[in-house]
Amino acid sequence: MKLIVKILIFCFACPLFGQNKNDTVFIENDSVHKIFIDYNKNSKYYNEINNFKFDDFDKSTYKNSLKQLKERNQNLNKDKPVIPWKNWIEIEKYKGKFYAYKPCDFLFHYKASINDTTFIDWTGEGSYANKIINQKKIDSKTYVFKLINTYYNYRQEVIIHIIDVQKGIAVFEYIFRDGEKRKFYMIASEKLNKIPIIVYNCNQKGEEFEFDDTEKIDIKIKEGK
């Protein structure tokens, strides 16, 4: 079961401006849903999902999560992140290949970022701070973060496995208090356009696009610099 749950919601279709048809492969194209693969590395859709600026809502939810940590006497530690890439975006696999994804509904579009005090969950419900208790670099492709949080207060640890250094792709492994583990494919934000993007534009409610089964995520390291 994924941490980020896909739900049904109304959204509106976006016209395809500036798209070269040779860069676009449609998966579905009708009056209700337009789902296509965009191979244009300069596509506007990358910018739509690769945004780590705090708007007023993000500022409010982040500030509130910091307040709750303080109320629990969880003063933040300050330390330089051990991992080289700080901003991450969830990606998916479709027919065995990696794709970024611009959803019909942004409510549960998931990102994560790491600064010198907090591990931040970015969701459609806001941005939430997790206190980094400690962090450790196991090797050049494995990083462990121990966390305390108020939003996902049952998650205790995040292990980041870099599986493709060249493309900046990693498996984020979330470990919970009861021992349950969940895994997600993520990509470093600065390398997002190294993989194509699947775009889902719709003009009425419907399920999000169905990708490969995430329960079968395998941590296989691809060597590279």
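Put +1 on the Cβ of each Lys and Arg and -1 on the Cβ of each Asp and Glu in the chain; which of GLN68, GLY206, ASN50 then has its Cα farthest toward the positive end of the dipole?
After comparing all options, I get GLN68.
With N set to the number of residues, divide the alpha-carbon radius of gyration of the range 24-85 by 2.2 N^0.38 Å and report two decimals. Write down the numbers at each step before the final one.
Values: Rg = 19.8 Å, N = 62, 2.2 N^0.38 = 10.6 Å.
It is 1.87.
On the accessible surface of the chain, probed at 1.4 Å, how many percent belong to carbon and sulfur atoms?
Exposed carbon and sulfur together represent 49 percent of the surface.
Quick one: in the range 99-225, what % of C-alpha pairs are over 26 Å apart? Can you show the working numbers first?
Details: 2064 of 8001 pairs.
Distances greater than 26 Å cover 26 percent of the Cα pairs.
Take ILE133, project a point 7 Å from its Cα along the Cβ direction, then tell me which residues of the range 38-77 have their backbone nitrogen under 16 Å from it.
Residues 69-70, 72-77 qualify, since their backbone N sits under 16 Å from the label point.
Given points 7 Å out from each Cα along the Cα-Cβ axis, report the VAL82 to PHE54 separation in nanometres with one decimal.
For the pair VAL82/PHE54, the computed spacing is 2.6 nm.
Can you grab the distance from the C-alpha centre of the range 177-193 to the C-alpha centre of the range 63-78, Å, no decimals?
So the two Cα centres are separated by 24 Å.
Gain in length, GLN68 to LYS194, computed as 0.36 nm per residue apart minus the alpha-carbon separation, to one decimal in nm? Show your work: numbers first, answer last.
Values: separation 126, 0.36 × 126 = 45.36 nm, distance 3.80 nm.
Taking GLN68 through LYS194 to full extension adds about 41.6 nm, to one decimal.
Rounded, prolate or oblate: pick one for the range 80-140, where a ≥ b ≥ c are the square roots of the eigenvalues of its C-alpha gyration tensor, a/c under 1.5 means rounded, and failing that, prolate if a/b is larger than b/c, else oblate. Show your work: numbers first, answer last.
Details: a/c = 3.41, a/b = 1.41, b/c = 2.41.
Judged from the Cα gyration tensor, the range 80-140 comes out oblate (a/c at least 1.5, b/c at or above a/b).
Quick one: which residues, 5 or more positions from TYR101 or on another chain, have an amide H under 5 Å from its amide H? H modelled 1.01 Å from N in the peptide plane, none for Pro or chain starts.
Residues meeting the amide H criterion: ILE198.
What whole-number value in Å² describes the accessible area per residue of the range 24-202 for a 1.4 Å probe? Please report the intermediate quantities before stating the final value.
Numbers: 8250 Å² over 179 residues.
So the range 24-202 comes to 46 Å² accessible per residue, rounded to a whole number.
So how do 75-84, 136-145, 115-124 stack up, highest first, on mean other-Cβ count within 10 Å?
On the way: 75-84: 12.7, 136-145: 14.8, 115-124: 19.2.
Highest to lowest by the protection proxy: 115-124, 136-145, 75-84.
For n ≥ 4 DSSP H runs only, could you compute -39500 (n - 2.57) per run for the chain, divide by its residues and tell me the 222 nm figure to the nearest 500?
Details: 2 runs with 22 residues, N = 225.
Helix contribution divided over all residues of the chain: -3000 deg cm²/dmol.
The values are calculated or read from the model by the stated rules, or taken from the named source; none is laboratory data. Nothing here was measured: the structure is a model prediction, and the numbers come from that model. Neighbour counts run over all protein chains shown; Cβ positions are idealised from the backbone, glycine included. Ligands, DNA and RNA are excluded from the accessible area calculation, which covers all protein heavy atoms including side chains. Shrake-Rupley method; radii C 1.70, N 1.55, O 1.52, S 1.80 Å.
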